[in-house]
1. In the range 82-97, which residue that is part of a helix (DSSP H, G or I) and free of Cβ contacts under 8 Å to residues at least 24 places away in the same chain is farthest from the chain's Cα centre (by Cα)?
2. Given the options 100, 202, name the one that is over 23 Å from the mean Cα position of the chain (by Cα), of a type in the set (S, T, N, Q), modelled with pLDDT of 85 or more and surrounded by fewer than 17 Cβ atoms within 10 Å (Cβ to Cβ).
3. Just give me the residues in the range 166-204 being over 11 Å from residue 154 (Cβ atoms), without any contact (Cβ under 8 Å) to a residue 24 or more places away in the chain and in a loop (DSSP other than H, G, I, E, B), in sequence order.
4. Find all pairs meeting these conditions: Cβ atoms under 7 angstrom apart; at least six residues apart or on different chains; first residue within the range 103-130 and among the polar types (S, T, N, Q); second residue assigned to a helix (DSSP H, G or I) and modelled with pLDDT under 80.
5. Collect the residues in the range 73-90 that are surrounded by fewer than 23 Cβ atoms within 10 Å (Cβ to Cβ), within 11 Å of residue 32 (Cα to Cα) and among the aliphatic types (A, V, I, L, M), keeping them in residue-number order.
Amino acid sequence: MTTFNEWWSHLSSLNHAFFIAAGFFTVFFLWQLIMAIVGVGGGDTDLDSHAEHAWEHHGGDDASQTVMAFKLLSVRSILAFFTLFTWAGSLYLSNHVSVTRSLTYAILWGTAALVIVSLLLHMLFKLTSAGAARIGASVGVVGSVYLDIPAGGAGEVRVLCGDTVTHFKARLSGPDALKAGAQIRVTKVLDSSTVEVEVVNTAK
């Protein structure tokens with residue numbers, strides 16, 4: 001502790017401010033990054049929330065979704081900028097680099113972080129949106145049960161969406177169970193990975 005206090009006391013006031021800001025932005029940025037990855041955020045800050053409901057919106061809603069995605073990417077990218085900017089500034093200043101050079105290097109590091117995080121989150125949004133669009137396109141499509149659907153539980157079905165055979169978790173729209181191989185039709189999307197199906201009557 002004594003060593004830390006001595007080290008801290010030898011830093012300039014500007015360096016103190018940079019380190020404190022770096023700690024704040026790091027915590028906030030990591031929280032936002034975790035929200036983006038696991039989808040626990042709410043409201044307009046949740047990538048998964050947009051993806052899960054993408055199948056419900058068409059036409060004119062595409063523009064509003066693009067705007068919301070842009071806002072989301074902007075917030076997290078700016079957080080990434082300030083996180084690396086403050087850490088870079090802190091470390092350069094503590095190594096006795098001049099203020100001007102430290103700020104210049106910090107801006108460069110922050111800009112690199114902003115660009116990288118923007119690209120990563122943009123790709124993540126595209127992937128989740130593509131998955132949501134695919135599951136939405138499965139409604140009305142006939143397929144087959146891949147893994148048994150137990151009564152009141154979830155199994156797995158295989159359907160052809162466009163030119164791609166896709167597997168989704170599935171629940172039956174009735175109290176019965178359904179064995180693998182049975183013909184089904186997707187009737188409803190329940191969430192981002194689960195559909196509701198009904199039995200297709202194959203009797204002639």
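The values are calculated or read from the model by the stated rules, or taken from the named source; none is laboratory data. Given the structure is predicted, the values throughout are model-derived calculations rather than measurements. Please note: Cβ atoms are built from the backbone with ideal geometry, for glycine as well, and neighbour counts cover all protein chains shown.
1. Step by step, filter the range 82-97, then rank; the result is 92.
2. Step by step, each of 100, 202 is checked, and only 100 is over 23 Å from the mean Cα position of the chain (by Cα), of a type in the set (S, T, N, Q), modelled with pLDDT of 85 or more and surrounded by fewer than 17 Cβ atoms within 10 Å (Cβ to Cβ).
3. 201, 202, 203, 204
4. Pairs that qualify, where the first residue is among the polar types (S, T, N, Q) and the partner is assigned to a helix (DSSP H, G or I) and modelled with pLDDT under 80, are 118/73; 128/47; 128/48; 128/51; 129/51; 129/54.
5. 73, 75, 79
Residues checked against (1) under 20 Å from residue 117 (Cα atoms); (2) at pLDDT 80 or above; (3) of a type in the set (Phe, Trp, Tyr); (4) touching an Asp or Glu at 6+ places or on another chain (Cβ under 9 Å):
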| position | (1), (2), (3), (4) |
| --- | --- |
| 40 | yes, no, no, yes |
| 43 | no, no, no, no |
| 76 | yes, yes, no, no |
| 81 | yes, yes, yes, no |
